[in-house]
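Undergrad: I'd like to ask you about the structure that follows.
The values are calculated or read from the model by the stated rules, or taken from the named source; none is laboratory data. Note that the structure is a prediction, hence the values are computed from the model and not measured. Cβ: placed from backbone, ideal geometry, glycine included. Neighbour counts: every protein chain shown. The accessibility values were calculated without ligands, DNA or RNA, using every heavy atom of the protein model including side chains. Shrake-Rupley method; radii C 1.70, N 1.55, O 1.52, S 1.80 Å.
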Amino acid sequence: RDCYHPQSKKRDTMSYKNFFTDINLKKKDIPYLSLLFIATLILVILASFNPNKVPQGYDLSIYLFNSIKLAHANVNFSISSYSLFLSPTLCFLASLFIRLGFDYFHSWILVIGIFEIIAAFSFYIFLKNRFNCLLSLTGAILLITTTYTLKILMLSLTDMASIALSTLAFVFFIAAVNKNPKYYILSSIIFILALFTRYTSGLVLPLMIF
């Protein structure tokens, strides 16, 4: 007979809490993560969402073209179809926003901005394995405010998305080693996504193995 067991809800809650415990996050991290989120969001808005901003660089043009192709949108974009060899992950995500009605360039900027936030959070969690909350916050803010990071954010390039996914894969790999082997699956999936975001993400694999 089907019946409701209050303990099932309790088990779900415990599993939810165990996930954050496994990646070394606790309630005391909430203020630091909130501050990091606000700082990163302001940075993304100031650096990316400029109404006068236009696509710059051949690589970015190819990524935009690929996004349009994947969205099956009818946009006049003068690049030949052989350009579809580049990493497809971000292009696919941007194509989803294009399908929702967003402009193709702002769809790309939105995806890059989201991964900038993920990169900051991932790096904070990664540093928490060795340092306290304040030092981890400092390290994450330093990551997103370096000259190189600001430059690639303003140009809407894929570097930070690659860093975000590679670091996140590393975080779950550490959780798999120290807490629960089930995180090997999640780490592997995220690593594959990182690899198809920027092929140089494969350089993190030796670090994960050794």
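Undergrad: Being closer than 22 Å to ILE38 by Cα, in contact with a Phe, Trp or Tyr (Cβ under 7 Å, 6 or more places away or on another chain) and aliphatic (A, V, I, L, M) narrows it down to one of ALA175, ALA169, ALA140, ALA119, so name that one.
TA: It is ALA140.
Condition check ((1) in contact with a helix residue (DSSP H, G or I) (Cβ under 9 Å, 6 or more places away or on another chain); (2) over 16 Å from ILE109 (Cα atoms); (3) surrounded by 15 or more Cβ atoms within 10 Å (Cβ to Cβ); (4) at pLDDT 80 or above) across all residues:
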site: MET14; (1), (2), (3), (4): no, yes, no, no
site: TYR32; (1), (2), (3), (4): yes, yes, yes, yes
site: ILE45; (1), (2), (3), (4): yes, no, no, yes
site: ASN52; (1), (2), (3), (4): no, no, no, no
site: LEU60; (1), (2), (3), (4): yes, no, yes, no
site: PRO88; (1), (2), (3), (4): yes, no, yes, yes
site: LEU93; (1), (2), (3), (4): yes, no, yes, yes
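Undergrad: I'd like to check something: does the range 189-202 contain any residue that is aromatic (Phe, Trp, Tyr) and open to solvent by 60 Å² or more (accessible area, probe 1.4 Å)?
TA: Looking for residues that are aromatic (Phe, Trp, Tyr) and open to solvent by 60 Å² or more (accessible area, probe 1.4 Å), one finds at least one in the range 189-202, hence yes.
Undergrad: For the subset of the range 172-188 comprising residues that are more than 25 Å from ASP159 (Cβ to Cβ) and polar (S, T, N, Q), which member is most open to solvent (accessible area, probe 1.4 Å)?
TA: Among those residues, the one meeting the criterion is ASN178.
Undergrad: What number goes with the only condition from (1) surrounded by fewer than 23 Cβ atoms within 10 Å (Cβ to Cβ); (2) at pLDDT 90 or above; (3) closer than 19 Å to ILE192 by Cβ that ILE117 does not pass?
TA: That leaves (3) as the condition not met.
Undergrad: Kindly establish whether THR21 is under 24 Å from the mean Cα position of the chain (by Cα), at pLDDT 65 or above, of a type in the set (Val, Ile, Thr) and over 30 Å from TYR148 (Cβ atoms).
TA: yes
Undergrad: Can you tell me which residue among VAL75, VAL111 is at pLDDT 90 or above and not polar (S, T, N, Q)?
TA: Selected residue: VAL111, the only one of VAL75, VAL111 that is at pLDDT 90 or above and not polar (S, T, N, Q).
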